[in-house]
1. Which of the residues spanning the range 107-133 are crowded, with 17+ Cβ neighbours inside 10 Å and touching a residue at least 60 places away in the same chain (Cβ under 8 Å)?
2. Here's a check for you: in the range 141-176, which residue that is modelled with pLDDT under 90 and of a type in the set (D, E, K, R) is surrounded by the most Cβ atoms within 10 Å (Cβ to Cβ)?
3. Does Glu95 satisfy the criteria of being modelled with pLDDT of 85 or more and within 26 Å of Pro166 (Cβ to Cβ)?
4. From Ser73, Ser136, grab the single residue that is free of Cβ contacts under 8 Å to residues at least 24 places away in the same chain, among the polar types (S, T, N, Q) and surrounded by fewer than 19 Cβ atoms within 10 Å (Cβ to Cβ).
5. I need the full set of residues from the range 50-65 which are hydroxyl-bearing (Ser, Thr, Tyr) and under 13 Å from Ile36 (Cβ atoms), in order please.
Amino acid sequence: MKPEDTIPEDRRIKKTYQALSASLRHLIEIKGYDTITVQEILKHANVGRATFYNHFRSKDDLLMQEMHTLVHSLMDPLEKNQGAAFLDVVLLFVEAEKNAPLFKEILGNRGIPAIANEIRAHLAVHIQEHLEMHYSLDSKEVLVAAQFHAGAILHCLSWWLENNRPRSAQEMGDFLSRLSIGGLQGS
């Protein structure tokens, strides 16, 4: 299910989701997730407490909704490029760069493991599908290779964000793509 499928059609509700989402993102960039309170989110979004609790149980619930949206935005360019003969990791880095402070908070040293695991799982599925289409590997090799590449890419993405993006998204993606392709062509 895509994130937009979970958000009701009512314009007022969409506006509330957008305000809460923007507030959460802004506060994460400034303070980090752990120190944010629901009251701060509400004040910044100009949303009432009752309205918030009509839609979410907690700030964690709001974060999970936001993460579904982010995971989708991160994976969407890869899915659109699914038929390509190579895994274009550049697309992943470019998308992560668009929301770098938020992804840094999620994937970095003080990250949120549940969300990082969700991103890794989505990435592994995408890589598995890619490998099945383009490489002659048996099913167990595909599973192992998908997990290996998803973990390596996610770890490199985290390192890149934690170190304030010392190389461009293009350079990082190109380098990781070459590493991946080189290793798979050798098998």
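1. Of everything in the range 107-133, just one residue is crowded, with 17+ Cβ neighbours inside 10 Å and touching a residue at least 60 places away in the same chain (Cβ under 8 Å), namely Ile112.
2. Asp174
3. Details: modelled with pLDDT of 85 or more: yes; within 26 Å of Pro166 (Cβ to Cβ): yes.
Criteria met by Glu95.
4. Ser136
5. Filtering the range 50-65 down to residues hydroxyl-bearing (Ser, Thr, Tyr) leaves 51, 53, 58.
Across the range 50-65, the qualifying residue is only Ser58.
The values are calculated or read from the model by the stated rules, or taken from the named source; none is laboratory data. Keep in mind the model is a prediction, meaning the values are calculated, not measured. Virtual Cβ from ideal backbone geometry, glycine too; neighbours counted across all protein chains shown.
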